[in-house]
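Novice: Handing you a structure now.
The values are calculated or read from the model by the stated rules, or taken from the named source; none is laboratory data. These numbers come from a predicted model, not from an experiment. Reconstructed Cβ throughout: ideal geometry from the backbone, glycine too, with neighbour counts over all protein chains shown. Note: areas computed on protein heavy atoms with side chains; ligands, DNA, RNA excluded. Shrake-Rupley method; radii C 1.70, N 1.55, O 1.52, S 1.80 Å.
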Amino acid sequence: MAISKGHKFSIESSAAFPKRLLLMGGIGPAIKYNPDRNALPEQKFDIDPKNPDVGTGLPLWTATVTDPHEASDGKGKRASFEITFVSRHQPIPAGEQVTDDIWFIEVEGLTAEPKVMGQGEFKYLGYTYRATGIKGDTSGAKQPPNDPGAARPSASKAA
């Protein structure tokens, strides 16, 4: 049995990142590359361009994170990397806040996809990570909105 290219392996956040992740800054929409700099930015969605039936169709969000465990073992290849969130709404950081824009976070629904990284003779095996949310996020990012035009569930209608 062969594993197809692009296969994503499910993994628990605590196994992949034993010391949690440090979220550096905010979480924003993943933007499609457009060589025309005058065009309006367009958010990416979880759809395979070669096979539109594959994927959830949900918006993609990106965040820059650091893995403190990778740096402590002395073999760290990268100081920070991006993690992509597949979620109907923008995830909100939840967890221990270190400074105004740095948080310790633990992610939910984590998948890892093997990928060759680096250049020339300095190539190595790395991973691209996707998650469905952040543990402890009670903002409603994992719930559909009560109002079709609302960005988050309305607290007054939930009561």
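Novice: At 0.36 nm per residue, minus the direct Cα-Cα distance, what do residue 46 and residue 8 gain on full extension? Give it in nm, one decimal, please. Please report the intermediate quantities before stating the final value.
Specialist: Working: separation 38, 0.36 × 38 = 13.68 nm, distance 1.34 nm.
Extra length from residue 46 to residue 8 when fully extended: 12.3 nm.
Novice: In addition: Taking H as built 1.01 Å from N, whose amide H comes closer than 5 Å to the amide H of residue 109, not counting residues under 5 places away?
Specialist: So residue 109 has HN proximity to 132.
Novice: Largest first, what is the accessible-area ranking of 70, 96 with a 1.4 Å probe? Present the calculation step by step, with values, prior to reporting the outcome.
Specialist: Details: 70 40, 96 100 Å².
Largest accessible area first, the list is 96, 70.
Novice: Here is a further query. Across region 6-22, in residue order, what do the Karplus-derived ³J(HN,Hα) couplings come to in whole Hz, using 6.51 cos²θ - 1.76 cosθ + 1.60 with θ = phi - 60° and x for Gly and Pro?
Specialist: Running phi through 6.51 cos²θ - 1.76 cosθ + 1.60 with θ = phi - 60° gives x, 5, 10, 9, 6, 8, 6, 4, 5, 7, 6, 10, x, 9, 6, 10, 9 Hz.
Novice: Report, by chain and number, residues whose modeled amide H sits under 5 Å from the one on residue 62, excluding near sequence neighbours (fewer than 5 apart, same chain).
Specialist: Amide H neighbours of residue 62, under 5 Å, 5+ apart: 28, 30, 85.
Novice: Listed here are the pairs 32/123; 32/135; 19/44; 5/50; 8/115; which of them are more than 22 Å apart at the Cα?
Specialist: Details: 32/123 26 Å; 32/135 27 Å; 19/44 30 Å; 5/50 13 Å; 8/115 11 Å.
Going by Cα-Cα distance, 32/123; 32/135; 19/44 fall outside the 22 Å limit.
Novice: Where does each of 9-15, 78-84, 116-122 land if you order them by average Cβ count within 10 Å, highest first? Numbers along the way, then the final one.
Specialist: Values: 9-15: 12.0, 78-84: 14.7, 116-122: 8.4.
Final packing ranking: 78-84, 9-15, 116-122.
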